[in-house]
1. Considering each residue of segment 75-110, count those that are open to solvent by 20 Å² or more (accessible area, probe 1.4 Å), of a type in the set (A, V, I, L, M, F, W, C) and assigned to a helix (DSSP H, G or I), and give that number.
2. Against the condition under 27 Å from Gly144 (Cα atoms), modelled with pLDDT of 85 or more and not polar (S, T, N, Q), how does Leu91 come out, does it pass?
3. I want to confirm something. Restricting to segment 1-45 and keeping residues that are over 30 Å from Pro96 (Cα atoms) and β-branched (Val, Ile, Thr), which single residue is least open to solvent (accessible area, probe 1.4 Å)?
4. Has segment 148-169 got any residue that is in a helix (DSSP H, G or I) and in contact (Cβ under 8 Å) with a residue 40 or more places away in the chain?
5. When you check Ala33 against the structure, is it modelled with pLDDT of 70 or more, in contact with a Gly (Cβ under 6 Å, 6 or more places away or on another chain) and assigned to a helix (DSSP H, G or I), yes or no?
6. Filter segment 111-137 down to residues that are open to solvent by less than 40 Å² (accessible area, probe 1.4 Å) and either modelled with pLDDT under 85 or in a helix (DSSP H, G or I) (or both), then give me how many there are.
7. Scanning segment 164-175 for residues that are aliphatic (A, V, I, L, M) and crowded, with 17+ Cβ neighbours inside 10 Å, which turns out farthest from the chain's Cα centre (by Cα)?
Amino acid sequence: MVGRLLARGMAAGIVAALLGFVFAKLFGEPQVALAIAFEAAQDAAAGNAPEPELVSRAVQASYGLLTAVLMYGAAYGGVFAIVFALAYKRLNLSSPRALALLLAGVGFLTFVLIPDLKYPPNPPAVGLEETIGLRTAMYFAMVGIAIAISMISLLVGRALSAPLGRWNAALCGIGLGIALVVAAQFGLPDINEVPGDFPAIVLWRFREAAIGMQLVMWSTLGLVFGALAEKLLQSTRVQAR
């Protein structure tokens, strides 16, 4: 069963990746092109020679982006299916679709929204080469913290469900999670490397597109995998009878 769910998870991840690719092409790539043009203008004004392209911009914006997104989608879809299989009998949810959407929502919050609120993605021309290591380390630290906060909130909610009831316990877990996220946001160092003359609208729309792409992918993954998993589990129950 886990293997069959894994195959469906990877298929759902590929579908989600294709939709994410379309979203990125429509809303993200124009902002990347504007950022690259700004960077080229800055280099020309400073008298710096343009850096040679190891991979052409056309390939980066088409086949390169599609390949990266498909690999990302298939990998996340497989992991998503394994987590679904582990959680299906433990959370006692009657609907596989509801569980898939719940896991997709938690995944989006944990791996995308919470880290991006502290360390949002940047387009070209934003950021210094000497701080790449620090920025990468801080981002993954925020991801790890977000995972830990999600687990703590879940455990607290489950522990309080008996004395307080499910709804009250869930609210307590969510409230604790929000408080811990706020504490982590203030505790980690800020990184502000946006050039003063960089177009604010380009930066804003790029970050909107980056989060929007992830929202499209995670929501599609939850919806498509939920439908596939529900069909598989229903057929399995019928065969068992």
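1. 13
2. Values: under 27 Å from Gly144 (Cα atoms): yes; modelled with pLDDT of 85 or more: no; not polar (S, T, N, Q): yes.
Judged against the criteria, Leu91 is not a match.
3. Applying the first criterion (over 30 Å from Pro96 (Cα atoms)) to segment 1-45 yields 25-45.
Then keep just the ones that are β-branched (Val, Ile, Thr); that gives 32, 36.
Numbers: Val32: 22, Ile36: 59 Å².
That would be Val32.
4. yes
5. Spelling it out, it is not the case that Ala33 is modelled with pLDDT of 70 or more, in contact with a Gly (Cβ under 6 Å, 6 or more places away or on another chain) and assigned to a helix (DSSP H, G or I).
6. Looking only at that region, the number is 10.
7. Ala169
Let's see how each residue does on (1) open to solvent by 70 Å² or more (accessible area, probe 1.4 Å); (2) under 24 Å from Lys118 (Cβ atoms); (3) out of contact with any His (no Cβ under 7 Å at 6 or more places or on another chain); (4) among the hydrophobic types (A, V, I, L, M, F, W, C):
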| position | (1), (2), (3), (4) |
| --- | --- |
| Leu154 | yes, yes, yes, yes |
| Arg158 | yes, no, yes, no |
| Gly177 | no, yes, yes, no |
| Leu188 | no, yes, yes, yes |
| Trp204 | yes, yes, yes, yes |
| Arg207 | no, yes, yes, no |
| Ser219 | no, yes, yes, no |
| Glu230 | no, no, yes, no |
| Ser235 | no, no, yes, no |
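The values are calculated or read from the model by the stated rules, or taken from the named source; none is laboratory data. Keep in mind it's a predicted model, so treat the numbers as computed, not measured. All Cβ positions, glycine included, derive from the backbone under ideal geometry; neighbour counts span all protein chains shown. Protein only, heavy atoms only, side chains kept; ligands, DNA and RNA dropped before computing areas. Shrake-Rupley method; radii C 1.70, N 1.55, O 1.52, S 1.80 Å.
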